[in-house]
Amino acid sequence: MSDEDDSEPAVALGEHTPVEGAPLARVSSRLTWPKERSEVDRLEGDSVIRTPAGPKELSAVLADVDETYFQRRQEFEAHVREVIGTGPVSTADDE
């Protein structure tokens, strides 16, 4: 441990900006793999995930995923990201 004063963070964090929805990784970590798309939808379909276009219900995203079976979590996340895209997630301040 350091003897330095830890009262302030080492990096300025800025103001708190709320972001709606859960990160995709958090939702996928709640599942065990392999898993069928329909089972993912049944278990987590009502979860709202963060996307570059704003929050979306996972069920709506899964409707656009062509794959019906995911061997691994990484495969699932890759297919979802093909649908939602990648990039900065919009915040309440962006609107």
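Any read-out appearing in this document is the output of simple, stated calculations on the displayed coordinates, not a laboratory observation. Because the structure is a prediction, the values reported are computed rather than measured. Note: ideal-geometry Cβ built from the backbone for every residue, glycine included; neighbour counts use all protein chains shown.
Couple of notes before you dig in:
- Meets criteria (surrounded by fewer than 16 Cβ atoms within 10 Å (Cβ to Cβ), within 13 Å of the chain's Cα centre (by Cα) and without any contact (Cβ under 8 Å) to a residue 24 or more places away in the chain) for Val61: no
- Matching residues in the stretch 31-58 - criterion: being touching a Leu at 6+ places or on another chain (Cβ under 8 Å) and surrounded by fewer than 14 Cβ atoms within 10 Å (Cβ to Cβ): Asp46
- Among residues of the stretch 59-78, those that are acidic (Asp, Glu) and part of a loop (DSSP other than H, G, I, E, B), counted: 3
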